[in-house]
Amino acid sequence: MIVRYPELGELVMELTRIAQEEITHFGQVVERIHARGWVLGPERKDDYVNELMQFVRKDGSREERLVDRLLFSAMIEARSCERFKMLSEQVDDAELRAFYRDLMISEAGHYTTFIGFARMYGREVDVDHRWKDFLAYEAVVVARYGKAPTMHG
């Protein structure tokens, strides 16, 4: 989005901050992996994310495409927030519980940031209606995964 919408200064600045925060979190995860004597594995295909991405408009106005990308990002962040909340409540390791809680708070902030930008830059788009469309589409996607205890990402 930074490259596609460089003229949106506030968006560019905030996305830059989020990217820096995310790479810091990644580094913290890698440190924890190594501290336990493990090795970071290869990235795996994320069917959930790929299926959600199919819902993002490739046509329509530039504004509609931006709103969709922002809502897609909000969805990913919201689900990450939920995942970290669950982990922070279930894991036995106190240090990891605190780490996951911090990540949950961060992801919640990112979710609200993306929703806020969608509303700010989607003046000609019914953002709330489009968000409901995203949620409905996601419900269909998630229903196909069954009830196995898995997490995306």
Next item on the list: For residues that are among the hydroxyl-bearing types (Ser, Thr, Tyr) and touching a residue at least 24 places away in the same chain (Cβ under 8 Å), scanning just segment 113-153, find the one that is farthest from GLU14 (Cα to Cα).
Entry: TYR145
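Can you name the residue in segment 95-132 that is among the acidic types (Asp, Glu) and within 17 Å of the chain's Cα centre (by Cα) and, of all such residues, is nearest to GLU77 (Cα to Cα)? If you could, list the steps in order and put the result at the bottom.
Here is the first cut: in segment 95-132, the residues among the acidic types (Asp, Glu) are 95, 102, 107, 124, 126, 128.
Retained after the next criterion (residues that are within 17 Å of the chain's Cα centre (by Cα)): 102, 107.
Working: ASP102: 14, GLU107: 5 Å.
So the residue we want is GLU107.
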Notebook entry, point to check: If a residue has to be in contact with a Phe, Trp or Tyr (Cβ under 6 Å, 6 or more places away or on another chain) and in contact (Cβ under 8 Å) with a residue 24 or more places away in the chain to count, how many in segment 53-74 make the cut?
Noted result: 6
Notebook entry, point to check: Looking at segment 87-98, is at least one residue assigned to a helix (DSSP H, G or I), buried (at least 17 other Cβ atoms within 10 Å of the Cβ), touching a helix residue (DSSP H, G or I) at 6+ places or on another chain (Cβ under 8 Å) and among the basic types (Lys, Arg)?
Noted result: no
Check: Among ARG79, ARG32, ARG69, ARG44, which is the only one that is part of a helix (DSSP H, G or I), farther than 17 Å from VAL141 by Cα, under 20 Å from the mean Cα position of the chain (by Cα) and of a type in the set (D, E, K, R)?
Finding: ARG69
Item checked: Residues within segment 1-29 that are in a helix (DSSP H, G or I), within 20 Å of the chain's Cα centre (by Cα) and of a type outside the set (D, E, K, R), tallied -> 15
Check: Given LYS45, LYS58, which one is closer than 28 Å to TYR5 by Cβ, loosely packed, with under 12 Cβ neighbours inside 10 Å and either hydrophobic (A, V, I, L, M, F, W, C) or in contact with a helix residue (DSSP H, G or I) (Cβ under 8 Å, 6 or more places away or on another chain) (or both)?
Finding: LYS58
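Rule-based calculations on the coordinates, nothing more; no lab input. Just so we're clear, the structure is a prediction, and the values are computed from it rather than from any experiment. Positions of Cβ are backbone-derived with ideal geometry, glycine not excepted, and every protein chain shown enters the neighbour counts.
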